[in-house]
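To start, the structure itself, in structure tokens.
Laboratory data are not the source of any read-out in this text; all were calculated from the coordinates shown. On a predicted model such as this, the values are computed, not experimentally measured, just so you know. Note that each Cβ is placed from the backbone with ideal geometry, even for glycine, and that neighbours are counted across all protein chains shown.
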Amino acid sequence: SLLAFTGAGYDHKTGPYTETCRRGVMYLRKVQYEDGCFGPKDDDHFVYNHAICTMAVVELYDLSGDSLLKNMSQRAVDFILKAQNPGSGWRYGVKPGENDTSVTGWMVLALKSAKMAGLEFEARRVYREAAQWLDVATVEVNGYPKTGYNLPGSDNARLRSAQHYQQNPSMDSINIMTRLFMEDSKWDVNHPILRKQAAECARNVPAWEHTKLDFYYWYYASLALYQMGGSSWNAWEGPMSKTLLNSQRGFRPEDRGSTHETLDEHGSWDPVDAWGSAGGRVYATAINCLTLEVWNRFKRVQESKK
């Protein structure tokens with residue numbers, strides 16, 4: 001949730017949401033362990049929590065310049081480095097030996113924010129090794145360069161209760177984003193694999209149709225296509241913005257006339273997507289805010305030649 005505030009430029013020192021951001025970062029400070037990890041490691045999925053928490057604290061540090069957050073941020077980044085599989089990416093746990101594109105994407109996002117904030121780590125080596133996983137995960141499937149989730153060319157993960165939701169190019173969008181953010185000169189916006197994957201995302205635009213609802217995909221594809229720019233972003237931007245703005249509670253046609261005083265859910269999004277049963281309304285609202293902030297969070301690292 002903190003990322004929704006930092007993505008709009010708010011921090012714990014100035015602006016209208018200082019108290020909200022302050023309480024958030026104080027909580028994260030309390031749950032950061034000596035090894036730098038945020039929260040316990042009881043659940044294998046703690047790596048997601050850590051990457052997202054790292055990104056939030058690092059962005060607060062970058063926005064505010066609060067020196068008290070520098071050590072907290074650096075320790076969090078150091079834990080990400082410790083968790084990386086040697087010569088590859090990340091998955092559940094510390095050097096688990098297995099990799100997946102989803103966790104790897106979140107880790108690269110956190111490191112991108114860390115680099116922007118001036119934190120130190122061996123970016124070239126870390127990115128080179130992460131790219132080796134993407135090299136393995138991306139294979140030709142029926143003539144299309146498909147990036148797999150945890151195996152070469154594999155489908156996306158789905159909750160048992162969400163098997164009826166359609167597959168989409170989530171992992172392809174993560175491949176685009178990570179390749180561009182890792183700034184390897186061989187992988188630019190005109191790379192044929194990235195252009196093919198961007199075009200596939202542009203053919204699968206957001207729509208408020210039950211089996212197509214996947215806020216996670218919308219977020220990563222928005223990040224990726226904004227970075228790509230050009231025709232793919234132009235095809236994506238309108239449907240994404242319209243779909244999210246027209247489905248926000250309090251602003252839907254059926255909610256007209258309601259206020260935050262008469263509608264508890266006012267301003268939120270219903271958790272009805274493929275991951276809503278796990279993340280709930282807070283997840284749905286936070287990640288959709290992040291999607292609507294893609295213009296603000298990261299400048300384009302390159303400009304398309306088309």
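Worth pointing out:
- Annotation: peptides 146-155, 183-192, ranked by per-residue average of other Cβ atoms within 10 Å with the highest first, follow the order 146-155, 183-192.
- The distance linking the stretch 203-221 with the stretch 79-105 is 26 Å (Cα centroid to Cα centroid, whole angstrom).
- For the chain, a Gaussian network of Cα nodes joined below 10 Å ranks Glu140, Glu261, Glu19 by mean-square fluctuation, and the top entry is Glu261.
- Least to most buried among Ser73, Ser102 (fewest other Cβ within 10 Å first): Ser102, Ser73
- The alpha-carbon positions of the stretch 169-306 define a convex hull whose volume is 107 Å³ per residue.
- Ranked by how many other beta carbons lie within 10 Å on average, peptides 156-167, 281-292 from highest: 281-292, 156-167
- Listed pairs Lys30/Lys70; Lys13/Lys70; Lys82/Lys196; Lys115/Lys242; Lys112/Lys146; Lys212/Lys299 exceeding 26 Å between Cα atoms: Lys82/Lys196; Lys115/Lys242; Lys212/Lys299
- Descending by average beta-carbon neighbour count within 10 Å, the peptides 251-257, 224-230, 81-87 line up as 224-230, 81-87, 251-257, the highest first.
- Modelled FRET efficiency - R0 35 Å, Thr20 with Ser161, Cβ distances, 0.05 increments: 0.65
- Near-label residues of the stretch 1-43 by backbone N, under 12 Å of a point 7 Å along Cα→Cβ of His266: none
- Computed Kirkwood radius, in angstrom, where 1/r is averaged over Cα pairs of the chain: 19.8
- Per-residue Cβ neighbour rank within 10 angstrom, fewest leading, Tyr48, Tyr220: Tyr48, Tyr220
- A simple count of charges around Trp236, restricted to other residues whose Cβ falls under 12 Å of its Cβ and scoring Lys, Arg +1 and Asp, Glu -1, yields 0.
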